[in-house]
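The values are calculated or read from the model by the stated rules, or taken from the named source; none is laboratory data. Since the structure is predicted, the reported quantities are computational estimates derived from the model, not experimental observations. Please note: Cβ atoms are built from the backbone with ideal geometry, for glycine as well, and neighbour counts cover all protein chains shown. Just the protein is used for accessible areas: all its heavy atoms, side chains included, with ligands, DNA and RNA removed. Shrake-Rupley method; radii C 1.70, N 1.55, O 1.52, S 1.80 Å.
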Amino acid sequence: MNEKAVVIETPGGAEQLKLVDVEVGSPGPGEIRIRHHACGLNYIDVYHRNGAYALPLPARLGMEGAGVVEAVGEGVTHLQPGDRAAYASQPPGAYATARVMPARAVLKLPDSIDFETGAAMMLKGLTVQYLLRRTLPQEGLKPGDFVVFHAAAGGVGLIACQWARALGLQLIATAGSDEKCALALAHGAAHAINYRREADFAARVRDITGGRGVKVVYDSVGADTWEGSLNCLAPFGLMVSFGAASGAVPPLNIGALAAKGSLYVTRPTLFTHIATREATQAMGDDLFGMVASGQVKVRIDKRYALADATQAHRDLEARVLTGSAVLLP
Ligand SMILES: NC(=O)c1ccc[n+]([C@@H]2O[C@H](COP(=O)([O-])OP(=O)(O)OC[C@H]3O[C@@H](n4cnc5c(N)ncnc54)[C@H](OP(=O)(O)O)[C@@H]3O)[C@@H](O)[C@H]2O)c1
């Protein structure tokens with residue numbers, strides 16, 4: 001069969017993405033071959049493409065997909081040929097008609113979840129799972145607590161708004177337009193701030209919280225929001241820096257953490273959390289439960305042909321997308 005995959009020869013702009021013919025072999029020990037029905041689009045794909053996260057070259061792209069298992073290698077017991085499956089996983093290579101990959105992070109997809117939803121929710125939904133369930137301040141979070149979540153109308157963001165509402169949290173969303181703020185509110189955010197219009201979002205957060213500040217800031221914007229995010233935190237608050245869509249966070253002045261009230265900082269990544277099959281399955285079961293119960297609805301606002309990956313990257317970087325987007329092989 002004539003297989004296709006998106007590759008880069010050199011890091012750079014979206015024009016570096018090329019759809020090429022590839023061979024897809026048989027799975028080795030611990031691997032599967034999966035035929036994709038849909039592939040997820042994620043901001044990490046931009047960091048891989050532009051070299052912010054360096055990959056050995058030439059490189060394939062894409063960390064999220066859903067489809068049907070075609071073959072399993074020796075030692076794989078949790079999947080069999082014909083299974084519907086979905087994943088968020090290293091190494092990159094999800095922008096493809098089919099691929100061979102480690103089985104460890106691939107989960108059976110419940111029948112109630114279609115392939116496009118599966119491809120749109122695994123990396124983003126597992127990220128929200130570990131953020132809101134496991135990346136917590138000293139004494140945890142309880143209903144009524146305030147958190148700040150930046151870029152709340154994006155793929156990760158809209159899942160976070162809904163999951164936070166299900167936990168009873170008051171999520172203060174930030175987003176880059178009034179329309180995006182309205183979207184975050186419609187998905188469960190308690191408050192929303194357009195941080196392109198209101199640059200001092202920390203002052204608004206202080207107003208909303210009666211001057212106290214929040215217990216956690218979940219910040220994936222990076223350079224543009226770092227300082228303001230620290231200013232949103234209550235004493236002993238937790239700064240969770242989990243991405244850098246606007247550029248790398250400046251070097252940490254550790255003394256600032258004392259001056260602003262004995263703050264904590266962490267820089268987590270999903271891949272530490274899904275390092276074992278058992279952990280991935282437990283997190284996936286939690287995510288599937290949230291989706292099956294209707295508490296989290298995965299919104300797909302844009303579908304692209306796999307051949308149009310360049311346009312998808314341009315749109316993602318231009319901040320014109322909301323919710324999740326998928327590439328269709
Ligand atoms: N560490 C982890 O485990 C992990 C896992 C998954 C995702 N992430 C991070 O989470 C973030 C969200 O991922 P996603 O795939 O769902 O993407 P996304 O939120 O759909 O897109 C990124 C958003 O970032 C905002 N943004 C702010 N400044 C920007 C700038 N200068 N250029 C481009 N975008 C800017 C934009 O929203 P506004 O216009 O509303 O500002 C944009 O829509 C990314 O930073 C990603 O790297 C981290």
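Kindly indicate whether any position in region 226-238 is touching a helix residue (DSSP H, G or I) at 6+ places or on another chain (Cβ under 9 Å) and assigned to a loop (DSSP other than H, G, I, E, B).
No, region 226-238 contains no residue that is touching a helix residue (DSSP H, G or I) at 6+ places or on another chain (Cβ under 9 Å) and assigned to a loop (DSSP other than H, G, I, E, B).
Please go through region 242-257 and pick out each residue that is assigned to a loop (DSSP other than H, G, I, E, B) and more than 12 Å from the ligand (Cβ to nearest atom). Break it down into steps so the answer makes sense when it comes.
The first filter runs over region 242-257 and keeps only residues assigned to a loop (DSSP other than H, G, I, E, B), leaving 242-253.
Hits for region 242-257 are Pro250, Pro251, Leu252, Asn253.
Select from region 303-327 the residues that are within 15 Å of the ligand (Cβ to nearest atom) and free of Cβ contacts under 8 Å to residues at least 60 places away in the same chain and write down the one among them that is surrounded by the most Cβ atoms within 10 Å (Cβ to Cβ).
Here the answer is Asp315.
Among the residues that make up region 201-219, is at least one of them among the small types (Gly, Ala, Ser) and within 11 Å of Ala152 (Cβ to Cβ)? First the steps, then the outcome.
Taking region 201-219 first, the residues among the small types (Gly, Ala, Ser) are 202-203, 210-211, 213.
Still in the list and also within 11 Å of Ala152 (Cβ to Cβ): none.
Within region 201-219, not a single residue is among the small types (Gly, Ala, Ser) and within 11 Å of Ala152 (Cβ to Cβ).
Here is a check on your reading of the model: is Gln80 more than 16 Å from the ligand (Cβ to nearest atom), at pLDDT below 95 and on the phi < 0 side of the Ramachandran plot?
When the stated conditions are applied, Gln80 does not pass them.
Suppose we filter region 207-225 for residues that are assigned to a strand (DSSP E or B) and either among the β-branched types (Val, Ile, Thr) or within 12 Å of the ligand (Cβ to nearest atom) (or both); how many remain?
Count: 5.
When you scan region 153-166, do you find a residue that is over 22 Å from Tyr264 (Cα atoms), part of a loop (DSSP other than H, G, I, E, B) and open to solvent by less than 10 Å² (accessible area, probe 1.4 Å), even just one?
Yes, because at least one residue in region 153-166 is over 22 Å from Tyr264 (Cα atoms), part of a loop (DSSP other than H, G, I, E, B) and open to solvent by less than 10 Å² (accessible area, probe 1.4 Å).
One line per residue, one yes/no per condition, for (1) in contact with a Ser or Thr (Cβ under 8 Å, 6 or more places away or on another chain); (2) within 23 Å of Arg319 (Cβ to Cβ); (3) of a type in the set (S, T, N, Q):
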position	(1), (2), (3)
Ser112	no, no, yes
Tyr130	no, no, no
Pro143	no, no, no
Gly155	yes, yes, no
Cys161	no, yes, no
Leu171	no, yes, no
Ala175	no, yes, no
Asn194	yes, yes, yes
Asp207	no, no, no
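Scan region 258-286 residue by residue and report those that are open to solvent by 20 Å² or more (accessible area, probe 1.4 Å), farther than 13 Å from Arg134 by Cα and not in a loop (DSSP other than H, G, I, E, B).
The answer is Ala258, Ala259, Tyr264, Val265, Phe271, Arg277, Glu278, Gln281, Asp285.
Quickly run through region 126-147 and pick out the residues that are in a loop (DSSP other than H, G, I, E, B) and away from the ligand (no atom under 15 Å from the Cβ).
Leu136, Pro137, Gln138, Glu139, Gly140, Leu141, Lys142, Pro143, Gly144, Asp145
Only one residue in Val249, Val216, Val240, Val221 is buried (at least 19 other Cβ atoms within 10 Å of the Cβ), more than 21 Å from Tyr47 (Cβ to Cβ), within 19 Å of the chain's Cα centre (by Cα) and not acidic (Asp, Glu). Which one?
Values: Val249 fails: more than 21 Å from Tyr47 (Cβ to Cβ); Val240 fails: more than 21 Å from Tyr47 (Cβ to Cβ); Val221 fails: more than 21 Å from Tyr47 (Cβ to Cβ).
Going through Val249, Val216, Val240, Val221 in turn, just one is buried (at least 19 other Cβ atoms within 10 Å of the Cβ), more than 21 Å from Tyr47 (Cβ to Cβ), within 19 Å of the chain's Cα centre (by Cα) and not acidic (Asp, Glu): Val216.
Give region 171-191 a look and list any residue that's in contact with a strand residue (DSSP E or B) (Cβ under 6 Å, 6 or more places away or on another chain), among the small types (Gly, Ala, Ser) and open to solvent by 20 Å² or more (accessible area, probe 1.4 Å), or say none.
Passing the criteria: only Ala190.
Quick one: Arg204 ticks every box in (1) within 10 Å of the ligand (Cβ to nearest atom); (2) part of a helix (DSSP H, G or I) bar one, so which box is it?
Looking at each condition in turn, Arg204 falls short on (1).
Can you tell me which residues in region 258-298 are more than 14 Å from the ligand (Cβ to nearest atom) and of a type in the set (S, T, N, Q)?
Ser262, Thr276, Gln281, Ser293, Gln295
Tell me whether region 102-112 contains one or more residues that are within 16 Å of the ligand (Cβ to nearest atom) and at negative phi.
Yes: region 102-112 contains one or more residues that are within 16 Å of the ligand (Cβ to nearest atom) and at negative phi.
Name the residues in region 291-302 that are touching a residue at least 12 places away in the same chain (Cβ under 8 Å) and open to solvent by less than 80 Å² (accessible area, probe 1.4 Å), would you?
Hits for region 291-302 are Val291, Ala292, Val296, Val298, Ile300, Asp301.
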